[in-house]
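Only one structure is covered here, and it is reproduced in the block below.
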There are 2 protein chains.
Amino acid sequence: MEVLVLAADKPSLEYAARGVELYKKRLRGLSKTELRYVRGGCSKEVSARLLRASEGYVRIAVDERGKNMSTRELVNLWKEWQLNSVRRIAFMIGAAEGHSDELRAASDLVLSFGRHTMQHELALVVLLEQIYRVHTLLGGLPYHRD
Amino acid sequence: MEVLVLAADKPSLEYAARGVELYKKRLRGLSKTELRYVRGGCSKEVSARLLRASEGYVRIAVDERGKNMSTRELVNLWKEWQLNSVRRIAFMIGAAEGHSDELRAASDLVLSFGRHTMQHELALVVLLEQIYRVHTLLGGLPYHRD
């Protein structure tokens with residue numbers, strides 16, 4: 001299954017850029033995960049670009065108002081996608097102002113990493129760590145502890 | 001109000017160490033927030049050290065099985081603490097294996113940053129960014145957007 005992670009603009013905070021690099025590197029070999037940035041801007045513009053870039057993918061919008069799942073639940077969802085021969089999924093992280101209502105409505109799942117607002121570059125690191133964690137569980141690697 | 005953030009061992013992941021430094025620096029001047037590390041080890045040992053280090057403080061255990069609050073709810077809780085003349089609060093982040101049941105029971109609040117499991121050093125960055133965000137809201141600074 002191809003995993004596309006879409007975000008607005010490359011991280012400008014150094015720690016976030018390094019965190020993104022770390023999990024990108026760790027995911028290599030474990031998963032076909034690609035990270036792509038769309039141009040930043042206001043919420044509407046960014047959402048429109050994210051929608052264009054995710055055409056043909058199962059769309060997962062990351063948004064604090066979405067469904068908050070445990071890591072095990074996310075692994076089960078992943079297995080379901082695999083069982084249903086889903087080939088391409090795209091995670092979308094908005095810019096500072098979050099996603100438009102239109103993007104949320106056009107998504108197959110709105111996934112929340114908690115109801116608290118997070119700096120969007122930090123949210124990208126949290127998402128990548130979670131995708132990595134899911135893959136270590138799918139691959140039976142010793143990383144996750146319940 | 002004094003804010004003590006307790007975690008087990010200094011972050012070993014470079015990005016997490018840098019993220020911690022960034023928010024520590026940003027919090028200076030805005031808040032009396034101190035970060036202190038206890039020695040690592042197994043869950044029971046670390047929890048016992050965290051409990052000793054937080055004696056006399058309102059204790060907030062950070063744990064995925066706790067109460068997940070929005071940033072605005074956290075700000076309101078903070079204001080309540082201030083109204084009630086709470087002088088010292090301590091946030092506690094466990095090591096890789098999380099907190100003991102004893103620590104959770106001894107805490108005034110178990111606060112969750114989502115039901116997903118997060119690397120504990122990343123959770124420390126998320127916590128510090130959130131404490132910073134709360135202070136920008138309390139101080140009326142332009143950082144948070146709803």
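No value in this document is a laboratory result; all are computed from the given coordinates. This is a predicted model, so every value here is computed, not measured. We place every Cβ from the backbone using ideal geometry, glycine too, and count neighbours over all the protein chains shown.
What the table shows:
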read-out: For residues of B:12-18, the mean tally of beta carbons on other chains within 10 Å; value: 5
read-out: Rounded to whole Hz, the Karplus (6.51, -1.76, 1.60) HN-Hα couplings of region B:98-108, x for glycine and proline; value: x, 7, 6, 4, 4, 5, 4, 5, 7, 8, 6
read-out: Rounded to the nearest 20 debye, dipole of the protein assembly as shown from Cβ charges on Lys, Arg, Asp, Glu; value: 380 debye
read-out: Amide H contacts of B:L111 (H built 1.01 Å from N, under 5 Å, at least 5 apart or other chain); value: B:A61, B:V62, B:D63, B:K67
read-out: Overall form of region B:72-115 per C-alpha gyration tensor (a/c, 1.5; a/b vs b/c); value: prolate
read-out: Charge dipole magnitude, Cβ of K and R +1, D and E -1 - region B:2-138, Cα centre, debye nearest 20; value: 420 debye
read-out: Radius, Kirkwood style, for region B:3-73 when every pair of distinct Cα atoms is counted (Å); value: 13.9 Å
read-out: Volume in Å³ per residue [convex hull over Cα atoms, computed for region A:40-146]; value: 102 Å³
read-out: Kirkwood hydrodynamic radius (C-alpha pairs) into Stokes-Einstein, the protein assembly as shown, 4 °C and 1.567 mPa s, D in µm²/s; value: 66 µm²/s
read-out: Other copies of B:E80: label-to-label distances in nm, shortest first, labels 7 Å along the beta-carbon direction; value: 3.4
